[in-house]
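Down below is the structure, laid out as structure tokens.
What follows is calculated from the coordinates using simple rules that are stated; it is not laboratory data. Treat the numbers as computed from the prediction; the structure is a model and nothing was measured. For neighbour counting, all protein chains shown are included, and Cβ atoms are generated from backbone atoms with ideal geometry for every residue, glycine included.
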Amino acid sequence: MSTNSRMRLVRDLQKLKQMIPQGFQAAPFDDNILLWEAVIFGPDQTIWDGGIFKLLLEFTEEYPLKPPNVIFKTKIFHPNVYTDGKICLDILQNQWSPIYDVWAILTSIRSLLNDPNPDSPANSEAAKLYLEDKITYFKRVEECVEESWID
Amino acid sequence: MSQQSSNQYAYDQELYEQHIKQLDNIKNEIEAQDPFIITQPIELQILESEYLENQGFLQKIQKIRESYPYFRRVRRDGSCFYRAVLFRIFEQIIQFKDQQLLNKFSTIIANSKTDLTAVGYEQIVIDDFYDEIMKQIKLCPNNITVQGIVDAFCNKVTSDYLIMYMRMLTSGYIKANSFLFEGYIETGTVELFCQQEVDPIDREADQIQIIALQNYLQIPIRIFYLDGNVATFDATIFQIPEDANPNSIFINLLYRPGHYDILYPK
């Protein structure tokens with residue numbers, strides 16, 4: 001049923017076009033519907049406000065039975081993002097369910113920005129600062145928000 | 001949706017990747033052990049050979065098989081309850097050309113889309129799963145054989161789509177009737193419970209899920225519970241609902257800790 005995933009991704013895209021999300025944009029590459037590029041805007045009135053973060057979503061023919069592989073292309077300093085951009089988020093891993101669509105995935109990642117889970121850190125430095133030294137943490141986040149404009 | 005990760009193990013990437021590999025290995029092992037998804041009916045007696053050392057199980061199996069001599073094995077992948085229930089409904093409809101059950105079931109499924117969107121499911125998310133189950137229902141009772149439905153269930157993708165819809169119905173019912181379940185959910189909200197324990201494709205069904213799906217489908221379920229207690233010869237039977245008409249069609253399941261198979265009466 002390799003067409004299932006592609007047809008579903010077309011519908012994911014239609015939804016994004018019709019409803020116009022706040023806070024992110026996403027679209028597949030012209031020549032490959034399994035590969036999507038997304039941009040998440042840092043949530044307003046948080047330390048992430050103003051940040052523009054690029055992501056890559058790699059789907060397989062098994063979508064939506066299997067989650068896409070999602071990585072940040074923009075360098076980001078966050079307790080739940082590995083330095084290579086991989087994201088540690090339950091719904092993309094052991095709690096994945098076919099009930100999530102592109103919209104739900106990006107909404108979750110966006111809210112993860114300002115609501116990290118330091119108990120399961122992917123970036124232990126970020127997690128440690130988040131728990132123990134908020135001032136330095138804010139500074140580091142601010143830096144990565146500024147750098148995201150240049151990217 | 002919660003962003004709280006329960007991945008307590010994800011302290012570094014290497015460890016995390018090791019863990020994912022381990023989980024994949026376990027899944028592969030299960031698939032290698034259980035090459036079937038659903039077997040043909042086999043004699044329940046066969047199960048005795050697996051419990052020669054367990055007198056409590058053994059004597060209960062011997063007692064059960066006096067009235068329920070056959071069972072179908074269902075793959076142990078966390079979805080056995082959902083799979084057993086749905087398969088048994090289709091089988092009953094096809095085997096006995098049970099028009100009454102077909103009408104009841106197809107009406108429930110046809111109306112379910114509205115129920116799911118009412119609790120917040122997206123149409124685009126439901127459609128593929130709904131279409132798959134409707135496709136199978138439309139073949140019933142005359143355009144598909146029992147073997148045909150076994151084959152559909154043994155196709156991994158078809159099977160996953162069908163079972164996912166059962167999970168959605170279960171989740172949907174729990175969310176729509178959260179007042180019934182809140183008291184039984186130990187930690188977190190009903191939403192979180194569904195996210196963690198119902199929606200993911202390999203999560204086992206426990207009492208809450210069983211009651212929710214039964215309530216939604218309105219087809220009585222009888223579960224024969226095997227345990228190691230040597231003082232009892234009869235398996236404990238859970239019947240849902242408790243006051244079901246004894247003459248109605250039952251889905252009979254054999255429960256061993258962590259697993260459900262389908263039982264067949266004489």
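Values as computed for the structure displayed
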read-out: Calculated [θ] (222 nm, deg cm²/dmol) that DSSP helices of n ≥ 4 give over chain B, each run adding -39,500 (n - 2.57); value: -17000 deg cm²/dmol
read-out: Cα-based equivalent ellipsoid of segment B:114-266: semi-axis lengths in Å, sorted from largest, via gyration tensor; value: 26, 23, 15
read-out: Likely footprinting exposure, A:110, B:203, fewest C-beta neighbours within 10 Å first; value: B:203, A:110
read-out: Average other protein chain Cβ within 10 Å of Cβ, residues B:192-205; value: 3
read-out: Debye log10 I(q)/I(0) at q = 0.16 Å⁻¹ for segment A:61-113, Cα point scatterers; value: -0.45
read-out: Inter-label distance, nm, simple model (7 Å from Cα along the C-beta direction), residue A:17/residue B:230; value: 7.0 nm
read-out: Cα pair distances in segment B:46-145, grouped into 5 Å bins until the bin that holds the longest one, percent each; value: 2, 10, 15, 15, 17, 13, 8, 8, 8, 3, 0
read-out: Prolate/oblate/rounded call for segment B:7-89, Cα gyration tensor, a/c under 1.5 rounded; value: prolate
read-out: Compactness of segment B:84-201 - radius of gyration and Dmax, Cα, Å; value: 15.3, 47
read-out: Relative contact order of segment A:4-148, pairs being alpha-carbon contacts under 8 Å that are 6 or more residues apart, as %; value: 23 percent
read-out: Cα gyration tensor, chain B - rounded (a/c under 1.5), prolate or oblate; value: rounded
read-out: Karplus (6.51, -1.76, 1.60) ³J(HN,Hα), θ = phi - 60°, over segment A:38-51, in Hz, Gly and Pro reported as x; value: 9, 10, 10, 9, x, x, 4, 6, 10, 5, 8, 3, x, x
read-out: Principal semi-axes in Å for the protein assembly as shown [√(5λ), Cα gyration tensor, largest first]; value: 44, 24, 19
read-out: Segment A:1-85: translational diffusion in µm²/s, Stokes-Einstein, Kirkwood Rh over Cα pairs, 20 °C, 1.002 mPa s; value: 153 µm²/s
read-out: Length gained when the stretch residue B:26-residue B:49 is fully extended (0.36 nm per residue, less Cα-Cα span); value: 5.9 nm
read-out: HN-Hα J in Hz across segment B:132-147 - Karplus 6.51, -1.76, 1.60, θ = phi - 60°, x for Gly and Pro; value: 5, 6, 5, 4, 5, 5, 5, 7, 8, x, 9, 9, 8, 9, 4, 4
read-out: Anchor residue A:66: lysines whose Cα lies under 18 Å away (excluding residues fewer than 8 positions away in-chain); value: A:86, B:21, B:27, B:156
read-out: Relative intensity, log₁₀ I(q)/I(0), of segment A:4-148 from a Debye sum that treats every alpha carbon as a point, q = 0.14 Å⁻¹; value: -0.65
read-out: Cβ-based exposure ranking for B:101, A:34, in which fewest neighbours within 10 Å come first; value: A:34, B:101
read-out: Proximal lysines relative to residue B:113, as straight alpha-carbon distance under 20 Å, when same-chain residues fewer than 8 apart are discounted; value: A:15, B:104, B:135, B:138, B:175
read-out: Cβ-based exposure ranking for B:80, B:194, A:144, in which fewest neighbours within 10 Å come first; value: A:144, B:80, B:194
read-out: Euclidean distance of C-alpha centroids, segment A:81-151 and segment A:19-36, integer Å; value: 20 Å
read-out: Neighbouring partner chain Cβ atoms per residue of A:56-69, average, 10 Å criterion; value: 1
read-out: Estimated FRET transfer efficiency when R0 is 25 angstrom, pair residue A:54-residue A:136 (beta carbons, to 0.05); value: 0.50
